[in-house]
1. For the stretch 47-60, how many residues meet the condition of being touching a residue at least 24 places away in the same chain (Cβ under 8 Å), over 12 Å from Glu270 (Cα atoms) and in a loop (DSSP other than H, G, I, E, B)?
2. Can you list the helices (runs of 4 or more DSSP H) found entirely within the stretch 209-287 that contain at least 3 residues being modelled with pLDDT of 95 or more and buried (at least 21 other Cβ atoms within 10 Å of the Cβ)?
3. Could you check the stretch 101-135 and list, in sequence order, the residues that are within 26 Å of Ile251 (Cα to Cα) and surrounded by fewer than 16 Cβ atoms within 10 Å (Cβ to Cβ)?
4. So which residues in the stretch 73-92 are in a loop (DSSP other than H, G, I, E, B) and surrounded by 11 or more Cβ atoms within 10 Å (Cβ to Cβ)?
5. Could you tell me which numbered condition Gln121 fails, if it satisfies all but one of (1) within 18 Å of Ala269 (Cα to Cα); (2) touching a Gly at 6+ places or on another chain (Cβ under 6 Å)?
6. If we keep just the residues of the stretch 49-72 that are of a type in the set (A, V, I, L, M, F, W, C) and in contact with a Phe, Trp or Tyr (Cβ under 7 Å, 6 or more places away or on another chain), which is surrounded by the most Cβ atoms within 10 Å (Cβ to Cβ)?
Amino acid sequence: MTQLTKLVSAGASLLTLNLTVLAVGALDTYAQSSPVTSFSDVQPNYWAQPFIRGLAARNIVTGYPDGTFRPEQLVDRDEFAAIIRQAFDRPAIRQIESGAVYKDIPANYWATRPIEEAYQQGFMSGYPGGYFRPNQSVSKVDAIVALNKGLNLTTSASAVTQRVVPQKNMRKAAKRRIFMPFGFTALMQPLLISKAQAVPVNAVTSSTTDKQAAIRNRPASFIITNTYADANKIPQYAVGDVAAATKKNIIVNYPNPKVLNPSKPATRAEVSALVYQTLVSQGKIEPVAINSPANQYIVRTPVNNQNTQ
């Protein structure tokens, strides 16, 4: 009986030891594979820190072996394809023909698969002659267009063809439409006051929802012109995509939300912000905190500004 007790005790001890070893091994493995979310060159007060940290926590973007993220480094087309592959899981809408490869993408190139998937999912395309230009920098507007094309967020074709009207002319037209004699306004004042007293301040009425719907359904050119100071620099082919991204709060402009700089090569920080906000629009990631300094650089249309207040 004593011998049996010793054997049972020894077996239990051995089992406990094995479980402990397995647990420690699992913790070590997790510690080694857990994503790095803080970088020596991305301080807490850096404008894009929440976007970078959020994507890094999901292994969508990563840093470099020296512990840096290099947020001001420009993003090339191959890296952008790799980020898209990590961020979005989309079904293929087109196939690469058998044996058809880009002439400037070797078979063993590090980004071959991401580039192929970015093409198949509709995010990116090559250039005439069978070239992809993997080391070409991605402009900010091209990044926006790629995200919208791949996620099918673009506005209607009729909105895209609208001509961008200068802001000054639009402001003058608006003033003429709302002009009303002061005397007539004074006569209407009792009616306006009584109606204001009857409706709660924060009440959502049919008139307010109609106004919001009207703003949402504005032509792309209207949204662009009334949102960006450099609207005339946005390529005509991208007007619809930029407008769609603007309405969904995808675009982030630093340091001035009103300035898009569409042709400017995008940095790793800017691409991180765009991708993060795109995931927010899809409900796949938490929005940046309202009290975060980064929140002020997210571009919003007038109706979206009302919704965030």
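1. Number of matching residues: 3.
2. 239-247, 268-281
3. Scanning the stretch 101-135 gives Ser125, Tyr127, Arg133, Asn135.
4. Gln73, Val75, Phe88, Arg90, Ala92
5. (1)
6. Once the filter is applied, the top-ranked residue is Phe51.
The values are calculated or read from the model by the stated rules, or taken from the named source; none is laboratory data. If you're wondering where the values come from, they're calculated on a predicted model, not measured in any experiment. Cβ atoms come from the backbone with ideal geometry, glycine included; neighbour counts cover every protein chain shown.
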